[in-house]
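Here the structure comes first, spelled out in structure tokens, and everything after it is commentary.
The values are calculated or read from the model by the stated rules, or taken from the named source; none is laboratory data. Because the structure is predicted, anything quoted here is derived from the model rather than measured. Quick reminder, even Gly has a Cβ in these numbers, built from the backbone with ideal geometry, and neighbours come from all protein chains shown. Just the protein is used for accessible areas: all its heavy atoms, side chains included, with ligands, DNA and RNA removed. Shrake-Rupley method; radii C 1.70, N 1.55, O 1.52, S 1.80 Å.
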Amino acid sequence: VDDDALFAVITRQRACRQYRDTPVDDATVERLLTAATYAPSAENHQPWVFVVVRNATARAEIAGSMQRAWETAGRAYSETRLTPAVLGDVDRGMTGGFAGAPVFIVVAGDAQRSAKPTLPSSIFPAVQNMLLTATALGLGSALTTIATVHAGELARIVALPEHLVPLAVVPVGYPVHPLAPPRREPFSEHTHRERFGNPW
Ligand SMILES: Cc1cc2nc3c(=O)[nH]c(=O)nc-3n(C[C@H](O)[C@H](O)[C@H](O)COP(=O)(O)O)c2cc1C
């Protein structure tokens, strides 16, 4: 295993909020989904369910639902919490950027396979595998959860039955602009030796 290649991907992965309309073929989507399904899950129940949405009307409906959630509550909440640069980027994503992605992957958790407390934590590692694989393939992607504000609406658009809980929407496509490196604090600012309070 080439760990330098792995690190190059991990340290480049970030949210893309503006997409080209260049199509993404099924073989590429299948790479993402294969990576997703190698993730860990509680008791190996593999409760993930993916709905790959290419249909323009359905994508517009999902994007519209995200935009409404953002405009009615999300933006006001985030305005005081995000830096102006991130706020601007999220705003562009929510008000048209995400809508431009040629593929949306709706990620749901099967409540009949996994206990409620471990359902999200059994799904998001799979999502992270998708994001990393997308980065490795030169694709843009983003983990978004705002569509779950209107979970019933999202479930209706992609015909999810009651026991499948929508947890995320991952837009996938080629980025309009190359993404700058993500900004992260060093691990040492988040790490303690043996007991909390002892710096690394
Ligand atoms: C649980 C979770 C939910 C998120 N939901 C959204 C979302 O609804 N919309 C959005 O634009 N970004 C969303 N993000 C992406 C974060 O904003 C992003 O990971 C973070 O700001 C780091 O930015 P970067 O990826 O550009 O480095 C979400 C991330 C996580 C982990």
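Let me check something: with ligands and nucleic acids excluded, how do Arg17, Arg195 order by accessible area (1.4 Å probe), largest to smallest? Mind dumping the intermediate values first?
Details: Arg17 50, Arg195 175 Å².
Output order, biggest surface exposure first: Arg195, Arg17.
Would you look at the GNM of the chain, springs on alpha carbons closer than 10 Å, and say which of Thr72, Thr37, Thr135 moves the most? Most flexible of the set in this elastic network: Thr72.
By its C-alpha gyration tensor, with a ≥ b ≥ c as the square roots of the eigenvalues, how is the range 96-200 shaped: rounded for a/c under 1.5, else prolate for a/b larger than b/c, else oblate? Since a/c reaches 1.5 but b/c is at least a/b, the shape of the range 96-200 is classed as oblate. Average accessible surface for the range 93-200: 52 Å² per residue, computed with a 1.4 Å probe over protein heavy atoms with every protein chain in place. Only the Cβ atoms of Lys and Arg (+1) and of Asp and Glu (-1) were treated as charged; on that basis the dipole of the range 1-75 about its Cα centre amounts to roughly 480 debye. Mean separation of Cα pairs under 8 Å and 6+ residues apart, divided by the residue count of the chain: what relative contact order is that in percent? Relative contact order here is 35 percent.
Under 10 Å, Cα contacts only: if you run a Gaussian network model on the chain, which one of Ala36, Ala85, Ala115 comes out with the highest mean-square fluctuation? In the Gaussian network model the winner is Ala85. Across the range 1-115, C-alpha contacts under 8 Å between residues 6 or more apart give a mean separation that, scaled by the residue count, equals a relative contact order of 49 percent. Report the residue, chosen from Pro23, Pro47, Pro181, that carries the largest GNM mean-square fluctuation when the chain is represented by alpha-carbon nodes joined by springs under 10 Å. Looking only at Pro23, Pro47, Pro181, the largest GNM fluctuation is found for Pro181.
Taking a ≥ b ≥ c as the square roots of the eigenvalues of the Cα gyration tensor, an a/c ratio of 1.5 or more together with a/b no larger than b/c marks the range 72-148 as oblate. When both the range 160-200 and the range 1-80 are represented by their alpha-carbon centers, they are found 13 Å apart. When the Cα positions of Asn44, Ala136, Pro175 are compared along the charge dipole of the chain, Pro175 comes out farthest toward the positive end, with charges on each C-beta of Lys, Arg, Asp and Glu. Which FRET efficiency value, to the nearest 0.05, is calculated for Thr191 and Val1 with the Förster distance at 25 angstrom and r the Cβ-Cβ distance? Efficiency, rounded to the nearest 0.05: 0.55.
Overall shape: rounded for the chain, with the ratio a/c of the largest to smallest alpha carbon gyration tensor axis below 1.5. Over what distance in Å are the Cα centres of the range 101-121 and the range 123-145 separated? Taking the Cα centre of each part, the range 101-121 and the range 123-145 sit 14 Å apart.
Across the range 107-116, computed HN-Hα scalar couplings (Karplus, 6.51 cos²θ - 1.76 cosθ + 1.60, θ = phi - 60°) run 10, 10, x, 8, 5, 7, 9, 10, 5, 3 Hz from first to last residue, x flagging Gly and Pro. Only Lys, Arg, Asp and Glu carry charge here, each on its Cβ (+1 for the first two, -1 for the last two); on that basis the range 64-200 has a dipole of about 140 debye about its Cα centre.
Heavy-atom accessible area, probed at 1.4 angstrom with all protein chains present, ranks Thr83, Thr57 as Thr57, Thr83, highest first.
Please report, to one decimal in angstroms, the Kirkwood hydrodynamic radius of the range 111-169 built from all distinct Cα-Cα pairs.
12.7
Of all beta bridges DSSP finds with both residues in the chain, what is the antiparallel percent, to the nearest 5? The answer is about 95 percent antiparallel.
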